[in-house]
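Structure first, commentary second.
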């Protein structure tokens, strides 16, 4: 719990988040002093979340969706005590997946990558449960025909229903797994650019001159389009960027910014950490609309 709170605190402290190339969930940050994210610290959390979701899914798939291999197992999975245990496991699974999301966000500084890890844990665990129960059922009843028409004609819940639901989760998991490597590569590439610019880039002192709310929110975090003006050899330059932050950490126009560039054409902007930022006290202006 202490580590999770620490990760959440670091996520809050890195706001506002700026990007000159991406917006919404693709925006990527790298807190000062942090290294480019790695996947291996997340694997234990991913495996634990998958296992928890697999255990949690045994009751709905076995007792409700017709995948119990025998009547006695069906009765066991539908027993009130088993259901209560499954509900407890559900809350534990949600908590573990939330921890996985926070750590993935902490590693890669990108909510899209964190969301893919969380989705993979849920879809993977439920797919494993459905697959194991379906295979177990078919092995115990090899003569039973598998007919999707039973979905409409069977007077009871057929195992075909559980198989279809399981296939949906399997498809979701496969799509997520295919998207994850490219998303991780994208986040790591952006983090590497930020790290390189901080070490080797040309720093320029800039000023936040334009701040426009885009009427978009991501997890109640408002998204803005901004402009930062700065001088290079006496010539005024203006750079546009996207900003995501919390409603209570919206910098005022006129705030000091740091613009980092290099010979490759990469650019990164962030609040000037050498000067205390001043945030807009009117939080209600940027709060996400209800509903």
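The values are calculated or read from the model by the stated rules, or taken from the named source; none is laboratory data. As the structure is a prediction and not an experimental result, all values here were calculated from the model. Neighbour counts are summed over all protein chains in view; Cβ atoms, including those assigned to glycine, are modelled from backbone coordinates with ideal geometry.
Scanning the range 175-219 for residues that are free of Cβ contacts under 8 Å to residues at least 12 places away in the same chain and over 22 Å from residue 26 (Cβ atoms) gives a single hit, 199. Among the residues of the range 268-284, the ones that are touching a residue at least 60 places away in the same chain (Cβ under 8 Å) and over 11 Å from residue 206 (Cβ atoms) come to 2 in all. For the criterion of being within 26 Å of residue 164 (Cβ to Cβ), modelled with pLDDT of 95 or more, in a helix (DSSP H, G or I) and within 14 Å of the chain's Cα centre (by Cα), residue 97 passes.
Candidates in the range 152-207 are the residues that are under 16 Å from residue 19 (Cβ atoms) and not in a helix (DSSP H, G or I); of these, the one that is farthest from the chain's Cα centre (by Cα) is 206. Under the condition of being modelled with pLDDT under 90 and surrounded by fewer than 18 Cβ atoms within 10 Å (Cβ to Cβ), the residues counted in the range 40-79 number 9. So for the range 208-217 (the condition being assigned to a helix (DSSP H, G or I) and farther than 20 Å from residue 255 by Cα), does at least one residue qualify? Checked the range 208-217: no residue is assigned to a helix (DSSP H, G or I) and farther than 20 Å from residue 255 by Cα.
Among residues of the range 84-94 being under 10 Å from residue 56 (Cα atoms) and exposed (fewer than 14 other Cβ atoms within 10 Å of the Cβ), the one that is nearest to the chain's Cα centre (by Cα) is 91. With respect to residue 104, is the statement that it is assigned by TED's automatic domain parsing to the domain that holds residue 48 and under 23 Å from the mean Cα position of the chain (by Cα) true? For residue 104, the condition - assigned by TED's automatic domain parsing to the domain that holds residue 48 and under 23 Å from the mean Cα position of the chain (by Cα) - is met. Looking only at the range 14-21, decide whether some residue is loosely packed, with under 12 Cβ neighbours inside 10 Å and modelled with pLDDT under 90. No - not one qualifying residue is present in the range 14-21.
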